[in-house]
Each structure stands twice: as C-alpha cells, then as structure tokens.
Amino acid sequence: MSQTRRTVLLFAAALLLASPAVAQTPVTVFEGARVITGDGDVIENGSIVVEGSRFVAVGRRADVFVPAGARRIDIAGKTVMPTMTDLHGHLGFQNVAAGTMSKGTFTRENLIDHLQRLAYHGVGAVVGIGDLVDRAKPGGGRTGWGDVPLRVRDEVIPGAALFKTAGAGMAYPGAGAQGHESRADVMYEVTTPEEVRAAVEDYVRMKPEFIKIWVDDREGRKKTLPPELYRVIAEEAHRRGVPVGVHNVKLADAKELMRAGVEGWLHVPVRGGDAVDEEIITLVKNRIARNDHPTMWITPGLHTAWMNMTLVNTPANQKPAWLTDPLLTETYSPLAIEEHWGEKFRASVRFNAHEFELQSKNTMALRAAGMKVVMGTDTGQTRHLIGYFNHMVLESYVAMGMTPAETIVAATRDSAEIARVNSGLIAPGRNADFIVLDANPLEQIGNSRRINKVYLRGEEVPRAAMAAKWRSQFRTAATR
C-alpha cells in the first residue's frame, strides 16, 4: 500500500472514531488540480485535504477520502505548488510607497507590510539578515535599537509570511552591508579575536537562525575580515550550536571558510572572476563524507544579473515581459518602476555575460558536489522588488542550468528545511501553505507569476484587498 493511501485511510479512520460531541476543526478539500508537492513529485488530478492550518492528506482525486461535511473547492485546470521560503531578505528599512529607506522605517507595521508583500507573491517564510535589533557596542553600551525583529519572529500574522531572523550580522568596520547608510552600521563590527568572542556571545542571545558575516574587500576598497577572525567566528558560533552564513567573493576565502565549517553562502561562494577548482570540490565532498557540518547551501543571487541580461537583449523599443507583468504593477507604482527599472536605467545598464556564465558554472559545480541551491533575494534596497524578486530568482535558476522541477524543489522544500519552518511541502503534517496557479511552472518557470490564489496556514491571503491598499498608496505618494 502506498504512503499516500495509508495516510488517507488513517485520516478517514480518525474522523470516524472522533466523538460527535467534540467540535471538529473545519476541513477543506481542494480538488482536481495538478499538484507539485515540492519534493519532485507531481500528482495529476489531485486532491488536497486541509484541516485547520495543516495538510492532512494529498493524493490522486480518486484515492483521497473526503469526509462528510467538508468544504469542497474545485480547482480543476489549475496547478498547485508549495509556497517559497526566502533565506536572504533585508526587510524593514524600505518605505515602498515613498521609495525611501531609514532606520525610523524599521517598525513592526512596516515589517509586516513587507511580509504581506511576500505572502502576496507566494512566499510563506523569510529569514531577515542585517536586521535592526539592539546589540552590544564594541566599546561598551548598547545601540538601543529595540527588538522588533524578535517580537515579529514570535508572531503568526494572518496573511503574512512567517518571519525568522539572522540578527544584525558581523563584519570588519565599514565592510558590512553596503548601499544605503541606514543599513551600513547595523552589524557587529570586530577587529580582534577578543571582540569576536564578545560579539558572538552577545549575538547568540537573540537566537538567530545563523550568524551572518561579510568577507568582501569590495574590489580592494575596504579592509575586510581576515581568516584569523572569521575562523574564530565559526568556532565560537559552532561551539554554541549556531550555524554561520557568509557573504564572500574570493576562491581563497571560500576554501578557508569551507575548512572552518561554515554552512551557508549568501551569493555564489566563488566570484570576482575566480573559478571553482578541484580543491574546493574536494573540500565539499570530504565534509559531507565526514559528516562535518554536511548541510551546505547557497543563495546564488544572480537574479539581478539575469534581469539586466533581459534588459540588454530586448529591442530598444520594447520591454522584457517581466517589466510589464501585472503581478509587478499591482505591487509597485508606475513611478517606482520607471525610477528604478525604467528608460534611464535601461540606457545605462551593463551585463557581463562572461561573469554570469562563470558564476552559473561555479554554482552548478558546487551543487553537483553536494551543496544545496536554495532561495534568496537580497531584497532590501529600493531597486529590490519585495516579493516579485522571488519569481526572478526562479527564472535565474533555470537560466543558470537547473530544470524548472529542480528550481521549485530548491525554492520550497530545501529552503524551508534550512530555515527550519514547517512549510515547503504539500504533505500531511506540514503547514497548509500553497499557491494556486493558472499555468504550469514545470512547462515554463515564468508561470510561477500566474498566481490565482495564495493560502497560508490554511487561510486564503486577501490579495485583492492588499493590492487595493497598495494602489491607494501609489496615488498618495504621487501627490506629495
């Protein structure tokens, strides 16, 4: 007997044995769709049974037991897939309507707005990095930046993606997050092993998903964390059972970080013209063989390069399809789209085809060695489109060489496992987080943008009301 059939029968038995005097949790059955489960399987003409906030059964429509009194929703002709999980978000600082960024914007209300935007686009969970949270200062005292990320992390907000945090991050002074000044000083800044140990001790108190570090000299313009410091970060973090995620560029650093047991890479581990070699491939394979922090992952971050490529390759009198997509225009104003991705930007954009190809090859070689490619958008700056970028990531993975099926597994099941959220699979016991699509993304990955409905924890996300609210903000912002 198949696992699906056993699950269905057990579910039916449980319903029959339940006392009629006890109120039952509402049950809803979604019937007739193609179901992409998130682990590589596809069920044609499937049925999904949701009880409360969880999936309780999934299988072929003919095999799934429908309990008496269940609400039945016909979604024949649609495709269903799990919601995505984003492991590389920089949320909270950006006022989307006004097109501004500041620490003052990092409020519970604004963070929730960002989580709603993610939910609208089919993202069920996100890990924030470089979040504005109170931390120790190197010379003593504290920043006094509050605990918004920690409070929101503990909430389950209807119609919003679940939020996890990797805290403030850690870097050499001035060599952390670049771009807008509001984010540039958020992380712990360390210059000595003693400062590293004190910072890690304080950092882990906020229970981060991982400790984020930056190892990037910005093409020689910055002094960055040397190996003697990032080795101590990894040692101290692992001693306390906390993983480490890194932003680095050079092959030499990638090897040393691999030897130090670092688990995650935000962006391709080997960039800047360097190519993956046999030594780093061997390091990856040996760690897996020794069971030495064997789960290693990458959020490649090639989506903006892919978007630039489409801009460069589209005739001057036309726009790439994504730039006129209703999913984008529902969530960002025409003014914002034109300002950040319009004619002026398209006239100045440059695309390095060789670098994109090299980083794609580097990622695929590390993936073949055993590293997981997972989803991360790096969203946070004003040109970074919250929610919409997740779909651009999917398209960039296919451009990089992954199949649509592999891409969906990476963005759903594998990403949810790294984030440690009960999502990413349409399977009994998982949160009922799923997207109903009007077209099949296995045929064309861009069909992930053909969203009909989104459900989080069994409840439909009120997308029409959200879009109406954002459109009213467009008008308000335009009159200022």
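Read-outs throughout are calculated quantities, based only on the coordinates presented, and are distinct from any laboratory measurement. Quantities reported herein were computed from a predicted structural model and do not represent experimental measurements. Glycine gets a Cβ as well: all are built from the backbone with ideal geometry, and neighbour counts include every protein chain shown.
The Cα atoms of region 25-90 give a gyration tensor whose axes a ≥ b ≥ c have a/c of 1.5 or more with a/b no greater than b/c, which makes the shape oblate.
Of all aspartates and glutamates in the structure, the ones whose alpha carbon falls short of 16 Å from that of Lys223, not counting any fewer than 8 places away in one chain, are Asp185, Glu189, Asp253. Across region 393-409, computed HN-Hα scalar couplings (Karplus, 6.51 cos²θ - 1.76 cosθ + 1.60, θ = phi - 60°) run 4, 4, 5, 5, 5, 5, 4, 6, x, 7, 7, x, 5, 5, 5, 5, 4 Hz from first to last residue, x flagging Gly and Pro.
Couplings 3J(HN,Hα) for region 268-285, derived from phi with the Karplus relation 6.51 cos²θ - 1.76 cosθ + 1.60 (θ = phi - 60°), are 5, x, 10, 9, x, x, 6, 10, 4, 10, 5, 5, 6, 4, 5, 4, 4, 5 Hz, where x marks Gly and Pro. When the P(r) of region 345-413 is calculated, the portion above 15 Å amounts to 61% of the C-alpha pairs. When Rg and the Kirkwood Rh are both derived from Cα coordinates, the Rg/Rh ratio for region 72-133 amounts to 1.13.
Looking at the chain, what % of its DSSP beta bridges pair antiparallel, to the nearest 5? Beta bridges within the chain, antiparallel portion: roughly 50 percent.
Summarised as an ellipsoid, region 41-156 has semi-axes of 41, 15, 12 Å, derived from the eigenvalues of the Cα gyration tensor scaled by 5 and square-rooted, with the largest first. Seen against the Cα atoms of the chain and their longest principal axis, helix 353-369 is set at about 70 degrees.
Please tell me which of these pairs span more than 20 angstrom C-alpha to C-alpha: Lys137/Lys250; Lys103/Lys222; Lys212/Lys250; Lys78/Lys372; Lys319/Lys453? As for pairs spanning more than 20 Å Cα to Cα, those are Lys137/Lys250; Lys103/Lys222; Lys78/Lys372; Lys319/Lys453. For the peptides 347-358, 318-329, 128-139, residues were scored by their other Cβ atoms within 10 Å and the scores averaged per peptide; the highest-first order is 128-139, 318-329, 347-358. When peptides 294-305, 275-286 are ranked by their average number of other Cβ atoms within 10 Å per residue, the highest-first order is 294-305, 275-286.
Global dimensions of the chain from alpha-carbon coordinates: Rg and Dmax equal 22.7, 71 Å. Scalar couplings 3J(HN,Hα) for region 155-167, obtained by applying the Karplus form with A = 6.51, B = -1.76, C = 1.60 to θ = phi - 60°, are 9, 10, 9, x, x, 9, 5, 5, 10, 10, 9, 9, x Hz; x denotes Gly and Pro.
One equal scatterer on each Cα of region 405-480, no solvent, Debye formula: the resulting log10 I(q)/I(0) at q = 0.13, 0.22, 0.27 Å⁻¹ is -0.54, -1.05, -1.23.
Amide H to amide H distances under 5 Å link Thr379 with His90, where only residues 5 or more positions off or on other chains count and H is placed in the peptide plane.
Listed peptides 204-212, 142-150 appear in the order 204-212, 142-150 once ranked by packing, highest mean of other Cβ atoms within 10 Å at the front.
Shape analysis of region 265-392 yields a ratio of the Cα radius of gyration to the Kirkwood radius, Rg/Rh, of 1.06.
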